[in-house]
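Notes to accompany the following structure.
Just so it is clear, none of the values below were taken in a lab; they were calculated from the coordinates. For clarity, every value in this text was computed on a predicted model and none was experimentally measured. Heads up, the Cβs are rebuilt from the backbone with ideal geometry, glycines too, and the neighbour counts pull from every protein chain shown.
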Amino acid sequence: MVNWNHPRVIMARLVLYVLVPLVLLILPASYFDDGGSICLSVLLFNKECYACGMTRSIMHLIHLDFTDAVYYNPIGFLVFPLLAYMWIKYFLKDWRRYNKVRLNNAVL
Amino acid sequence: MKHLFTLILFLMVSVSSSFATDKPLEVKFDLQQVSKEAGIDLSGMYNLTVEDFLALSPSKIKAKTGKKLSFKEAIALKAAQKKIKKEFSTNAPGGAGSGKTQLAAFLLCFFLGFLGVHRFYMGYVGIGIIQLLTLGGCGIWALIDLVMIITGDLKTKSGEDLEPW
């Protein structure tokens, strides 16, 4: 069983929080454009669901390519701020937890 | 509980509306005409096939013609591609069946059979509502449907067989 509150595990999470957006920014904006769909709705019913194209939309959005973002999924404009908010919120939460645990360990 | 009921109702409506079968239309792929109706200027592009058109995206158009699409044009492009894709799938030669597969029906029946979703999928809206209200006919009816879908005996409302797996 993983101890999610172990300082090293928290640190690994913090690194991921920073690394994932950086990697996505370094990859070209069209990186996900020409792949097959893994959406069940598309595979079974040939019907795009409301989340289809969200990855591509947000990928173009973080590269400031707004026209393509609208083309792939207009809802991305709504989802991206919410996602960014949650991302920062959880980063700060883990950051505080990391400092607290480290402090406790130092005292003990 | 109230929210759950609303959610199920919403799911039912969306599923049944998306599965409503359309009469097959005549296929007409005049891309210039379609794009003109959608308000997209394809004047800089020649010899477009349908596949090329479906693979277009605003950045590809910009790379080819140098023209930057507006938001409105991007949405129009998507709508036009959707329209062509829909006509293509309902009129594809060889695949002129119901377009409903045994796999989809099986999965719907297995996971959501107690809500009668597989019946909505196959076009039986009336039976679907009955199964929704009776929890799939006390589970037994859904179980019978499941076996019939596996053996391929259950046909769609329009009398066609499901496409095998």
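When A:LEU64 is tested against (1) free of Cβ contacts under 8 Å to residues at least 60 places away in the same chain; (2) under 30 Å from A:VAL9 (Cβ atoms), only condition (2) is not met.
The condition of being within 14 Å of another protein chain (Cβ to nearest Cβ) and surrounded by fewer than 16 Cβ atoms within 10 Å (Cβ to Cβ) does not hold for A:PHE32. Among the residues of region A:59-108, what is the count of those that are of a type in the set (Gly, Ala, Ser) and surrounded by 15 or more Cβ atoms within 10 Å (Cβ to Cβ)? Number of matching residues: 2.
Based on this model, can you work out whether A:ALA12 counts as facing chain B (nearest Cβ under 10 Å) and within 19 Å of the chain's Cα centre (by Cα)? Spell out how you get there, then give the answer.
Details: facing chain B (nearest Cβ under 10 Å): no; within 19 Å of the chain's Cα centre (by Cα): yes.
Answer is no for this residue.
For the subset of region B:117-152 comprising residues that are in a loop (DSSP other than H, G, I, E, B) and over 23 Å from the mean Cα position of the chain (by Cα), which member is surrounded by the fewest Cβ atoms within 10 Å (Cβ to Cβ)? Reasoning before the result, please.
First pass over region B:117-152, keeping only residues in a loop (DSSP other than H, G, I, E, B): B:122-124, B:134, B:139, B:152.
Next, only the ones that are over 23 Å from the mean Cα position of the chain (by Cα) stay: B:134, B:139.
Values: B:THR134: 15, B:GLY139: 12.
It comes out as B:GLY139.
Here region B:46-59 is the region considered, the condition is being closer than 21 Å to A:LEU64 by Cα and facing chain A (nearest Cβ under 9 Å), and the residue that is surrounded by the most Cβ atoms within 10 Å (Cβ to Cβ) is B:PRO58.
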